[in-house]
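The values are calculated or read from the model by the stated rules, or taken from the named source; none is laboratory data. If you're wondering where the values come from, they're calculated on a predicted model, not measured in any experiment. Note that each Cβ is placed from the backbone with ideal geometry, even for glycine, and that neighbours are counted across all protein chains shown. Ligands, DNA and RNA are stripped out before the accessible areas are found, and what is left, the full protein with its side chains, is counted by its heavy atoms. Shrake-Rupley method; radii C 1.70, N 1.55, O 1.52, S 1.80 Å.
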Amino acid sequence: MSQYPGYQYPGSQYPGSVPGSQHSASSAGWPASSYDPALAGGQPAQYPSADPFQTSEAIYPGAANQPTTSKSLTAPTVLAAAGLAVLLLAIIGGIGSSVTRGQFDATITSLPDDQAATVELDKGSTYGLFYSDGDDAPDCSVTSPNGDDVTTKSSSSSTKVKGSKLFTTFSSKESGAYTVDCSSASGVSVGEIVAPSSAKSTLLSLFGLVGAIIIAIIGIGLQVQKAQDVHDFWKILVAGEETITFHDDDELRRLGVPEHQLRDPNYVKASGRIEGIDEFDDRLFRIAPAEVDVTSPQLRLLYKCFWLACEDAGYDPRKLPGRVGVFAAGSDDFEWYRRTVMNPASFGDAYQNFTLATNHFLSTRLSYHFDLTGPSLSALSGCSSSLLTVHLAVQALRSGECDLAVAGGVTVELPNGGGYQWTDGMMLSRDGHCRPFDADASGTVFSNGAALLVLKPLTSARRDGDPVYAVIKGSASGNDGRRKQSYTAPSEDGQYETISAAYSTAGIDPATVSFVEAHGTGTLLGDPIEVASLSRAFSTAPMGSCLLGSVKGNIGHTDSAAGAVGLSKVALSLKHRLFPGTLNFSRPNPHIDFEATPFEVSSTNRPLDGDQIRAGINSFGVGGTNVHMILEEAPDLPETDDPP
């Protein structure tokens, strides 16, 4: 028996399993277990074709895995070498004097020769300019309705497809009339660049435009302390509520905490416990109760958040369209390992339990249960894991490996409650409060929770009428290497390089960012280093022009789920044009001179004003893997009656 008797439930041979799990699979009427022949009636499973490329969108196998071609090579040369010319003609068969199908939108506008032209364009899309005459790319400029020059990228390859060459791309930040001035050229056309399928992605990579595809966040499934869904979470942020639980001695005694620890002045009686981890609706998920018994609380919570995220996006979790990728992260719950993996009982054996218990199999369990055929992987990089999973999901969507992606992370470590032992100089908070960037900060408080986000190319989301919280414009990841005091220490240089790479590859000036959701753990060492690295990356931004915050002041540090939880906060802030105040901030950390930086920490909510609101988010992991992501508010979409 666990030393925490409060986690043993009647009717189960495993402490911590759900009530009612003593019912057999046959009496519950559930489908056979995924691996137990006895429950399956001894019948082998029937598997579909193992070839993931036999779909209407896959023109040839392996397209998504082709290497990016050097821009110094022309498209005809590469395609001839690969023997794919005929296939590419099938993909883009309608291309004549202008590009009309395939990876480009059907509405292509030919511009008048030798003069400027005005074209009506939609907000939040990526467009390309093409020309058909002459050997040299024309000199063109694109001006937005506000008079800003929005030309962002030129192609040095002059890639040619049946007489039309792509030479410039730009993004439309607003809807309206754009002026395209190619006054010294003829045969120029403009067209929208949309998301590729798995085969079309190769052609887009030849143009060097895969990174220009904008990804939309269309659904969020989230559970943290006192929040059963994303709407509860937003209410907590707007209200400035701290959800950390402070336990009394009687409650701690019931959890099995010994008396000597209760009297220890360094024992902090606080935790980021999450409600409902002992509850699971096996009928809704159609999982046999015997299997639920040995399914880790992390995987159960991930199942719940997956369902919530799909419903939030307006989809039936069991009928997701297209190839769906799953990218998830999770922590190690050693107490659960001890109960199930180290002590196998009547259901299955140790390895079978292992696949339901550890963070290795979180993504593939979701893919198997919901019959999802896109890429499925678990990523582990410490505290940055779940923002890393979103970064990887964005890359998979842009390369055409999947049409829809679900990404994020989970942390449930037992016991779900109780306190912790504080040690001077370590990362845990002295008083149970996380105080990002504050003078009284003494460390962080670890919490249980999870967040999954549904991602889709913006053009596809708009076509399908999906709700959009915000869009992802770019991201980057990198590692500190040895440029720091120790393995667990942060590195200013490593963080700076990752943050700068995100803006460089996205073609975005950091000075245009309204706020940054920081890693912000409330440590005296980590917070100043993070502000220093951000200040270097945002060197073009005016002093005090960018708000800085951290959700950890509200809910603590959700470890492997922290990046996805923070990203959910950013998406909600962009949707509502409101920056929630940073909780537990009153006086700035004395090691941070905010007046000499572009950043301001506000303890109160602030409205976000401007024509186009952008945000950045940091997530840093022990071991040095850093991730930064850039988001922008969603383009104008038709009004709906859906709640925010």
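Filtered by the rule that a residue be open to solvent by less than 10 Å² (accessible area, probe 1.4 Å) and under 27 Å from Leu525 (Cβ atoms), segment 380-432 gives Ser384, Ser385, Ser386, Leu387, Thr389, Val390, Gly409, Thr411, Gly418, Ser429, Gly432.
Listed conditions (1) of a type outside the set (A, V, I, L, M); (2) in contact with a Lys or Arg (Cβ under 9 Å, 6 or more places away or on another chain); (3) free of Cβ contacts under 8 Å to residues at least 12 places away in the same chain are all met by Gly549, apart from (3). Scanning segment 316-333 for residues that are open to solvent by 40 Å² or more (accessible area, probe 1.4 Å) and in contact (Cβ under 8 Å) with a residue 12 or more places away in the chain yields Arg318, Pro321, Gly322, Arg323, Asp332. For the structure I just gave you, tell me whether Gly556 is crowded, with 24+ Cβ neighbours inside 10 Å and on the phi > 0 side of the Ramachandran plot. Spelling it out, Gly556 is indeed crowded, with 24+ Cβ neighbours inside 10 Å and on the phi > 0 side of the Ramachandran plot. For segment 266-295, the set of residues classified as surrounded by 18 or more Cβ atoms within 10 Å (Cβ to Cβ), charged (D, E, K, R) and more than 26 Å from the chain's Cα centre (by Cα) consists of Lys269, Asp282, Glu291, Asp293, listed by residue number. Inclusion of Asp316 among residues that are more than 20 Å from the chain's Cα centre (by Cα), more than 21 Å from Val565 (Cα to Cα), part of a loop (DSSP other than H, G, I, E, B) and of a type in the set (Asp, Glu) is warranted.
Would it be correct to say that Leu262 is surrounded by fewer than 22 Cβ atoms within 10 Å (Cβ to Cβ), touching a Leu at 6+ places or on another chain (Cβ under 9 Å) and hydrophobic (A, V, I, L, M, F, W, C)?
Taking the combined requirement at face value, the residue satisfies it.
Which residue is most open to solvent (accessible area, probe 1.4 Å), if the candidates are limited to segment 484-528 and must be charged (D, E, K, R) and within 17 Å of Glu632 (Cα to Cα)? My answer is Asp509. Of all residues in segment 365-387, those being among the polar types (S, T, N, Q), farther than 22 Å from Thr558 by Cα and within 18 Å of the chain's Cα centre (by Cα) number 2. Here Leu534 fulfils each of the conditions (1) modelled with pLDDT under 95; (2) aliphatic (A, V, I, L, M); (3) crowded, with 24+ Cβ neighbours inside 10 Å apart from (1). The single condition among (1) in a loop (DSSP other than H, G, I, E, B); (2) over 20 Å from the mean Cα position of the chain (by Cα) that Val622 does not meet is (2). Would you please name the residue that is most open to solvent (accessible area, probe 1.4 Å), looking only at residues in segment 228-251 that are under 19 Å from Glu413 (Cβ atoms) and either free of Cβ contacts under 8 Å to residues at least 40 places away in the same chain or out of contact with any helix residue (DSSP H, G or I) (no Cβ under 6 Å at 6 or more places or on another chain) (or both)? That would be Phe246.
Please verify whether Thr179 is modelled with pLDDT of 75 or more, open to solvent by 30 Å² or more (accessible area, probe 1.4 Å), touching a strand residue (DSSP E or B) at 6+ places or on another chain (Cβ under 9 Å) and in a strand (DSSP E or B), treating the condition exactly as stated.
yes
Close Cβ contacts (under 6 Å, 6 or more residues apart or on different chains) running from residues in segment 119-143 that are assigned to a loop (DSSP other than H, G, I, E, B) to residues that are open to solvent by 50 Å² or more (accessible area, probe 1.4 Å) and at pLDDT 70 or above comprise Asp122/Ser175; Lys123/Ser175; Lys123/Asp636. Only one of the numbered conditions (1) hydrophobic (A, V, I, L, M, F, W, C); (2) within 20 Å of Ile218 (Cα to Cα); (3) part of a strand (DSSP E or B) is violated by Ala396, and that is (3). Looking at Thr364, Thr459, just one residue is farther than 30 Å from Leu525 by Cα, among the β-branched types (Val, Ile, Thr), out of contact with any Leu (no Cβ under 9 Å at 6 or more places or on another chain) and not in a loop (DSSP other than H, G, I, E, B), and that residue is Thr459.
So that you can scan it fast, the table gives a plain yes or no per residue for (1) among the aromatic types (Phe, Trp, Tyr); (2) modelled with pLDDT of 75 or more:
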site: Ser125; (1), (2): no, no
site: Leu129; (1), (2): no, yes
site: Ser132; (1), (2): no, no
site: Val142; (1), (2): no, yes
site: Thr152; (1), (2): no, no
site: Ser157; (1), (2): no, no
site: Ser164; (1), (2): no, no
site: Phe170; (1), (2): yes, yes
